Each structure stands twice: as C-alpha cells, then as structure tokens.
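Notes for the one structure printed next.
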Amino acid sequence: MKYGADMDIKSSAELSAFKIACHTGNYEIVDHLVSQESYKPLIYDVRKLLDRTHSNGKELIQSVCKGGYESLFNILIESEAEIEAADGDGNSLLMLASQGGHDGIIENLVTRRANINHKNQIGQTALRMACNGGLARSVKILLKNDAHPNKTDAEGRTPLMIVSQGGCLDVVELLIQHHADINMSDRKGTTALMLAAKLGQYDTAAYLVTKGADISKCDNKGLNSLMAACQNGHIAIVFLIAKSKIDINSNDNDGFTALRFACDGGHNDIADFLIQNKAEVDKADTRCWTPLKSSCFIGTFSTVELLLEKNADVNKQDKEGWTPLMSACQNGHDNIAELLLNWKAGIDMTEVDGWTALRIACINGKASTVKFWCRRGQTLIKLTNKDGVP
C-alpha cells in the first residue's frame, strides 16, 4: 500500500486481499485496512464479512482483544459484541487485552463498564494480568478505574507479590499508592518482601522496607526475608534487612538460621558479615547440625575454613553423635578432613553406635579417605563399633 498497491484488485475467485485476510483470520491485516480512511464507508460490510467467515463471534472478539487489533475491536464492539465474553479459561475480554498491554482496548472496555475485578478459573484478574507483564500504563488505567489491588489468585498471591518478584518498581509504586496491602501473605505465608529478597530485587525490597514491610514476618516454614536473601546469596539485600533491627539468630521450623542458609549455599561473604554482626556460629538445627557440620557434609572447603577461623566448635556432635569430621569422611571430603584435624578434631570420637570417622569412611567405600588416614598413621584406630562388629 505504501507504494500504491491496489487493494481492490480481485482474484479469479472474486476475492480481494481484504476478503482473503478476513477468511484466513489474519486480523493484523484486517485491522490495518479498516483503520484506513478509504475503508470507513465499508465498515458495515466488514462487520457482515467477519460474521460470515468466523463461526464463533465470541472467539473472534477474544482473538482481537488478545492481539490488540484496536480498529477491528471498535467495529466488533459497536456491533454489540458481548463485553463479558470469557474464553474457556474464564479470561474476559478485559483480561485478554490487559495481558498484552493493549491500552486502547482496555480504556474502551472500562468505559463500557466491563467487570474490572472479574476472576478467571485460577483467580487472576485483569490487574493481575497486567502485573504479570509489568505493564505500568495498563496497571495505571485499571487502578484508576477501581481495580482492586488486593484480589488474590488461587494460590493467595496478590498483584504486588507478582511484580515484587519481577522487580517492576514502577508498578510496585503504583500498587502501593493505590493501597495494596504490603504485608499480605499467600497460602504458603510468603510476602512481597520475601519474594523480592529471594530473587535479588534490591530496589523493590528497599522500597517495600521504607513503606513498612514487616521484615520479621515468616512464611509457613518459618522462613523470613533475611533467610531468603541469605539462601540465594543476595548480599546487598542482606545488608539492607540486617540494618533494620531484625533478630539475626532467628530460625525457621527446622532450626535453620540465616547463617546456616548462607553457609549451605557457600555464600562466605554473607556468612562473614552475619558472624561479624553477632550471628551464633554454633547454633544448631532441630537435628543438632551446626553450620560447620552441614558445610563439612556438603563439602564447601572455604566455608568450613571460615567457620573454623570464627571459632566454630570442631567437635560438636549432633543427635546421633556425629561430628563434623565424620560427615566429611562419610562423603570423602579429604581436604576438609585434613583441615579439621589441623584444628584438633577428635580422631577417636564415636557416634551413638560406636563408629569412628575412619570406620564411617570404610563403610561408605571412600578409599581415598581411608588412604588419607593411613598416610597420617591412623591405621590403628578402632575399626569396630560398640558391639565389636568391624
């Protein structure tokens, strides 16, 4: 058309380019054509042609809303199309338009009083759809027209939670300005701040904290925002939350502290910071595993080294009597075993069944660990348990 193509030329079957586009469902082309001034007198014919070439009127207008074909939408909506027509998943026309950020269609529908807080089968609203994509302008239109900012989906998640994990700060600000509940939690007890902390969205987390997000609130497993940040290695967020007077030694339902999460992930910079800020280096979980024992089991040498330098108890036993040395030998972490011995780990300590670290290495088939013990001249260590079984 830019170079003068004649859109009225017909094929041998008397089909114009416009009719072909209608028949094949190429709504993008149809939308472009009907937006041209030369087609204005033919709007009625366009409407009839679309009706004839599409057996399901609801499906047609749904596709148009989803694709954002505004000129075509205007034709259909003036034909008294049902504005609450929902697809098989319960998505309304407004939701489909909001999903793609098609603001012209959104404004048209809200002007016609489309149900702005309608939910689909999984509890999502048009506002939630716009938030999924971080579509600030669409969100603004919907909020201005009384979209409820605290409607939850089937998992109990609010629009604020969704945008917080995606780091869409402009949308976060809009939602809070329209009274989104900053401390609401989903069915798992997760808040917007926890999601931002978990996924490393610093700017969002900082904004939420300044707006009164509860830093001490825990999810159903006892995990708070500090633990979430430590678990995933987001040190800037750890700094942010730690300076807000949170209990640095609080623990989740399994007894894991922020330090334990940092150590298990090998996040030594965070672990060092926490210890400097009075994290208890030997605080144990419900099984009496300390951060040191867990790190020895996992095999993170540098973390073990850090904890030892911070005076972690090298011989602290868990409920089964296992020491950090035993856990290192169980998994063949010879370099860690040697480090522990250099820090005076007890070589002849036994767990509840009388097993020593060397016997544990033998039982688990860790040949290199057994050789390591032999090189240290430890071959005479007891290799039987308390019942005398080798």
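For the stretch 284-330, a simple Cβ point-charge model (Lys and Arg +1, Asp and Glu -1, everything else neutral) yields a dipole of about 80 debye relative to the Cα centre.
The charge dipole of the stretch 92-143, taken about its Cα centre with unit charges on the Cβ of Lys, Arg, Asp and Glu (plus for the first two, minus for the last two), comes to roughly 120 debye.
Near residue 206, once Lys and Arg are set to +1 and Asp and Glu to -1 for all other residues with Cβ below 13 Å from its Cβ, the sum equals 0. What is the local net charge at residue 102, summed over the other residues whose Cβ is closer than 9 Å to its Cβ (Lys, Arg +1; Asp, Glu -1)? Charge balance near residue 102 sits at -1. What is the sum of charges, Lys and Arg at +1 and Asp and Glu at -1, for the other residues whose Cβ falls under 14 Å from the Cβ of residue 152? Here the count lands on +2. For the stretch 82-172, a crude dipole built from +1 on the beta carbon of Lys and Arg and -1 on the beta carbon of Asp and Glu, taken about the Cα centre, is about 260 debye to the nearest 20.
Once you order the gyration tensor axes a ≥ b ≥ c over the Cα atoms, which shape class does the stretch 179-318 get: rounded for a/c under 1.5, otherwise prolate or oblate by comparing a/b with b/c? Note, shape of the stretch 179-318 comes out prolate.
Summarising the label geometry, the points placed 7 Å from Cα in the beta-carbon direction at residue 111 and residue 210 lie 3.7 nm from one another. Pairs from the table (66/188; 140/198; 316/366) lying more than 25 angstrom apart at Cα are 66/188; 140/198.
None of the figures in this text is laboratory data; all of them are computed from the coordinates on show. All figures in this text were calculated on a predicted structure; none of them were measured in a lab. We place every Cβ from the backbone using ideal geometry, glycine too, and count neighbours over all the protein chains shown.
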